[in-house]
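Notes follow once the structure below has been shown.
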Amino acid sequence: MTETPAAEQPPAPVPCDECQAGVKHLHFITYFTWLGDELVMVPNFPAWICDVCGRRDYDEKSISWLTMLLNPDAGKPQKPMSAPPARNRPPAAPPSPQS
Ligand SMILES: [Zn+2]
């Protein structure tokens, strides 16, 4: 065993809130996510997996790190997905010529 600094203790198993019986342990899995039309594979991604029901929870920090990596617009305000396309808007009145 190698000594670990106090700040880097191995994560302790946490009780599973899905089945209430198992505990979730940290595993490193291959995480799949979609980036637009492309399937992105992330090896060695940390996930908490229940040893009874198999529920997977991903580490929040890792998810946000991954999201930041994959999203070139990270940090910019997100446009709402429900914004109507321009063609559905009433046509803008042509600018009246100023004389
Ligand atoms: Zn469980």
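Across the range 24-47, which residue is surrounded by the fewest Cβ atoms within 10 Å (Cβ to Cβ) among those that are aliphatic (A, V, I, L, M) and touching a residue at least 12 places away in the same chain (Cβ under 8 Å)?
Within the range 24-47, the subset aliphatic (A, V, I, L, M) is 26, 29, 35, 39-42, 47.
Add one more test, that the residue is touching a residue at least 12 places away in the same chain (Cβ under 8 Å), and what stays is 26, 29, 35, 40, 42, 47.
On the way: LEU26: 14, ILE29: 14, LEU35: 10, VAL40: 13, VAL42: 14, ALA47: 19.
Per the stated criteria, the residue is LEU35.
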TODO: Given the conditions (1) under 28 Å from ASP73 (Cα atoms); (2) in contact with a Leu (Cβ under 9 Å, 6 or more places away or on another chain), report the number of the one that MET41 does not fulfil.
DONE: (2)
Task: Tabulated pairs, the range 55-82, first aliphatic (A, V, I, L, M), second surrounded by fewer than 10 Cβ atoms within 10 Å (Cβ to Cβ) and modelled with pLDDT under 85, C-beta under 9 angstrom, 6+ apart or interchain - done: MET68/GLY75
- [ ] Go through the range 30-75 residue by residue and tally those that are under 27 Å from ALA12 (Cβ atoms), small (Gly, Ala, Ser) and outside any strand (DSSP E or B).
- [x] 3
- [ ] Restricting attention to the range 48-99, report how many residues are surrounded by 10 or more Cβ atoms within 10 Å (Cβ to Cβ) and either within 16 Å of the chain's Cα centre (by Cα) or at pLDDT below 90 (or both).
- [x] 16
Task: Single residue of the range 8-29 satisfying the filter (under 25 Å from THR67 (Cα atoms) and assigned to a strand (DSSP E or B)) that is farthest from the ligand (Cβ to nearest atom) - done: PHE28
Task: Those residues of the range 5-18 which are of a type outside the set (Gly, Ala, Ser) and surrounded by fewer than 13 Cβ atoms within 10 Å (Cβ to Cβ), in sequence order - done: PRO5, GLU8, GLN9, PRO10, PRO11, PRO15, ASP17
Open item on the list: Checking the structure you have, find out if any residue of the range 35-47 is hydrophobic (A, V, I, L, M, F, W, C), within 16 Å of the ligand (Cβ to nearest atom) and modelled with pLDDT of 70 or more.
Closed with: yes
- [ ] Name the single residue, out of those in the range 23-43 being aliphatic (A, V, I, L, M) and in contact with a Phe, Trp or Tyr (Cβ under 9 Å, 6 or more places away or on another chain), that is farthest from ASP59 (Cα to Cα).
- [x] LEU39
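The values are calculated or read from the model by the stated rules, or taken from the named source; none is laboratory data. Here the structure is a predicted model, which means the values were calculated and not measured. Glycine also receives a Cβ, built like all others from the backbone with ideal geometry; neighbour counts cover every protein chain displayed.
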